[in-house]
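Visitor: There's a structure below that I have some questions on.
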Amino acid sequence: MEAADLSRRLGDFYLVATEVLRDVTEPTEQQIKHWIVNPFLVTLGWDPDDKKQVYLDFPVKADGSHADYALLDQAGKPRVVLDIKRPPNPGTDSEKAIKNSRAVGSPLALVTNGQEFSLWYVSESEQPTPLFVYSLKELADNAEALLGLTADYRVSDTGISLLRKSAIRVAVLQMLEENSEKTFDALVGWVQAQVAPGALDDSTDEAIREATMMWLNEEHLTMAMFAPGPQDKKLHELRVTNAKDWEAFPRGPNGTFQYKYDSSKTLDLRQSPKEVKESLRRQGFKTSTATAFGGLYYALRQRAGLKTAS
């Protein structure tokens, strides 16, 4: 199953699940099982009616305690222990699931209250590690992070490795986003170290910073996890544009432009490079390269008399 296909399936699952939760405001655990969890597993390619794949009320100890579900590998070993919480208990309350996972030797613990899903990596020698926490609505937008959980991998070591790598990528990119200024400072510092002392002034420093941001944005578009959703146009479907295609918006604020061949397409060059690039993409446009986008951005800002660096 490809990420795009899984994203579409999760989107369909979200529509059905939200209809159920809208009609039943306080679902029981059994209702969550039948109306939320089972369809979620089907969406991932599992068959809840096949006990060799999905084992309901999986025995954990001889005292009769059990896990709500266990997903089994080809050898019949539990690889995911699934625990259901009834709202308002949070879907991140993982203590029971982690305890059961350790009891049966399962490397993964999945917890849900029907509205929130959290997956944990459980190791005998390390502290449990959260791999993802997504609301029902966020699942379809994060299909890449769930691929290793699909029945295609049958929770093999390869699937678990994929889940862990996806979680690390998301965490690293989030840290870069949250610490973008520090990241850019480090990149600017590296460039400065490569040239003669005093060769860079404040304007050049700012230009390096903006160019770096453009490059990072362009790189994001090539990563599978940032691929457009099923409703978005893919990169190859976007129309190439340049500064000559845009003219000042009549009677609009200075810095706003409209597309020559379709007046409904507009750009606001008072925004940051990232915002302008996103606006282009939403309207079905792209530039031929990241460098070309920089040319478009600065050309239109200069045409409007806006500063390009401070």
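The values are calculated or read from the model by the stated rules, or taken from the named source; none is laboratory data. Because the structure is a prediction, the values reported are computed rather than measured. All Cβ positions, glycine included, derive from the backbone under ideal geometry; neighbour counts span all protein chains shown.
Visitor: Look at Arg102 and say whether it is part of a helix (DSSP H, G or I), more than 20 Å from the chain's Cα centre (by Cα) and modelled with pLDDT of 90 or more.
Guide: It is true that Arg102 is part of a helix (DSSP H, G or I), more than 20 Å from the chain's Cα centre (by Cα) and modelled with pLDDT of 90 or more.
Visitor: Do we find that Phe58 is assigned by TED's automatic domain parsing to the domain that holds Ser123 and either hydroxyl-bearing (Ser, Thr, Tyr) or farther than 26 Å from Asp12 by Cβ (or both) in this structure?
Guide: yes
Visitor: Kindly check whether there is at least one residue in the range 106-123 that is among the small types (Gly, Ala, Ser) and part of a helix (DSSP H, G or I).
Guide: no
Visitor: Check off (1) closer than 23 Å to Gln30 by Cα; (2) free of Cβ contacts under 8 Å to residues at least 24 places away in the same chain; (3) in a loop (DSSP other than H, G, I, E, B); (4) not hydroxyl-bearing (Ser, Thr, Tyr) for Lys96 and give me the number that stays unchecked.
Guide: In the conditions (1) closer than 23 Å to Gln30 by Cα; (2) free of Cβ contacts under 8 Å to residues at least 24 places away in the same chain; (3) in a loop (DSSP other than H, G, I, E, B); (4) not hydroxyl-bearing (Ser, Thr, Tyr), Lys96 misses (3) alone.
Visitor: Suppose we filter the range 118-142 for residues that are within 11 Å of the chain's Cα centre (by Cα) and charged (D, E, K, R); how many remain?
Guide: The number of residues fulfilling the criteria is 2.
Visitor: Which ones in the range 268-299 are under 26 Å from the mean Cα position of the chain (by Cα) and hydrophobic (A, V, I, L, M, F, W, C)?
Guide: Answer for the range 268-299, where residues must be under 26 Å from the mean Cα position of the chain (by Cα) and hydrophobic (A, V, I, L, M, F, W, C): Val276, Leu280, Phe285, Ala290, Phe293.
Visitor: Please tell me if Leu41 is under 28 Å from the mean Cα position of the chain (by Cα), modelled with pLDDT of 95 or more and either outside the structural domain of Asp157 (by TED's automatic domain parsing) or closer than 14 Å to Ser101 by Cα (or both).
Guide: Here the answer is no, as Leu41 does not meet what is asked.
Visitor: Within the range 265-282, count every residue that is under 15 Å from Gly295 (Cα atoms), in contact with a strand residue (DSSP E or B) (Cβ under 8 Å, 6 or more places away or on another chain) and assigned to a loop (DSSP other than H, G, I, E, B).
Guide: Of the residues in the range 265-282, 1 are under 15 Å from Gly295 (Cα atoms), in contact with a strand residue (DSSP E or B) (Cβ under 8 Å, 6 or more places away or on another chain) and assigned to a loop (DSSP other than H, G, I, E, B).
Visitor: Is one or more of the residues making up the range 70-78 basic (Lys, Arg) and in a loop (DSSP other than H, G, I, E, B)?
Guide: So far as the range 70-78 goes, yes, one or more of its residues are basic (Lys, Arg) and in a loop (DSSP other than H, G, I, E, B).
Visitor: When only residues in the range 9-30 that are crowded, with 17+ Cβ neighbours inside 10 Å and part of a helix (DSSP H, G or I) count, which is farthest from the chain's Cα centre (by Cα)?
Guide: Across the range 9-30, the extreme among qualifying residues is Leu21.
Visitor: Of the numbered conditions (1) over 22 Å from Ile36 (Cα atoms); (2) in a loop (DSSP other than H, G, I, E, B), Thr158 satisfies every one except a single condition; which is it?
Guide: (2)
Visitor: Suppose the filter is surrounded by 23 or more Cβ atoms within 10 Å (Cβ to Cβ), over 23 Å from Val20 (Cα atoms) and not β-branched (Val, Ile, Thr); does Ala103 pass it?
Guide: Answer is no for this residue.
To keep it simple, each residue is scored yes or no on (1) surrounded by fewer than 19 Cβ atoms within 10 Å (Cβ to Cβ); (2) of a type outside the set (A, V, I, L, M, F, W, C).
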position	(1), (2)
Ala97	no, no
Pro107	no, yes
Glu124	yes, yes
Pro130	yes, yes
Glu138	yes, yes
Arg154	yes, yes
